[in-house]
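Everything on this sheet refers to the single structure shown next.
Taken together, the values in this text are just the output of simple stated rules run on the coordinates, not laboratory data. Just so it is clear, the model here is predicted, and its values are computed rather than measured. Cβ coordinates were reconstructed from backbone atoms using ideal geometry, including for glycine residues, and neighbour counts include every protein chain displayed.
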Amino acid sequence: MVFLFFSRGYLVFKLSYTSKTTSSKEQLLIDLRNILSEARNFNVLHDVTGVLYFADGTFFQYLEGEKDDLFILKEKLEKDLRHTELQFFEMQEIEVRKFSDWAMKYVSKQSMIQQYLLSCNVLGFHPEQLSQQQVNELVDLLVFIEDHAA
Ligand SMILES: Cc1cc2nc3c(=O)[nH]c(=O)nc-3n(C[C@H](O)[C@H](O)[C@H](O)COP(=O)(O)O)c2cc1C
């Protein structure tokens, strides 16, 4: 454990949440572009990595980074009027990052994710209804999608 701490320099945590967009249809693409640009600027500077998935008016974001940076980001997200109804899952320490190459990977609606949610008896994209274990599986699916992107 001591070796791991020193070899990595600091402990890495993961934080996931879901929220609903407040953007109109017309504004959505512009807002998404701005969100990703802001996200990548901050995340590169603070060594935060992760993925943002968007489907059916709902965001699911998975973030990895140092605890203090994730808390700063959480505060920013809570103040951001471009989304609402934020529901965070528990912050947990991780050994290895899943999106180490991505300051913020963006994934739009995928049939594989819809099928996974159906298998969890969740109709539509409602990650807030998932257990922590199911959220972990959702993130692994997003990793799979990223690995198999053309
Ligand atoms: C769905 C969603 C995801 C976001 N993801 C990030 C992110 O990963 N990193 C980030 O810095 N900002 C992200 N933002 C933007 C922040 O909420 C915030 O607007 C931005 O960091 C600028 O904050 P500031 O005005 O306090 O500097 C996201 C916003 C939304 C709506």
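Summary of computed values
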{"quantity": "Likely footprinting exposure, His83, His148, His126, fewest C-beta neighbours within 10 Å first", "calculated": "His148, His126, His83"}
{"quantity": "Gln87 paired with Gln27, simple spin-label distance in nm, labels 7 Å along Cα-to-beta-carbon", "calculated": "2.4 nm"}
{"quantity": "Exposure proxy ranking, count of Cβ atoms within 10 Å, fewest first, for Phe88, Phe54", "calculated": "Phe88, Phe54"}
{"quantity": "The chain: DSSP helices with Cα axial extent of at least 27 Å and average Kyte-Doolittle hydropathy no lower than -0.5", "calculated": "25-46"}
{"quantity": "Along principal axes, Cα extents of the chain, largest first, whole Å", "calculated": "48, 32, 31"}
{"quantity": "Rounded Å value of the spacing that divides the Cα centres of segment 107-150 and segment 5-72", "calculated": "17 Å"}
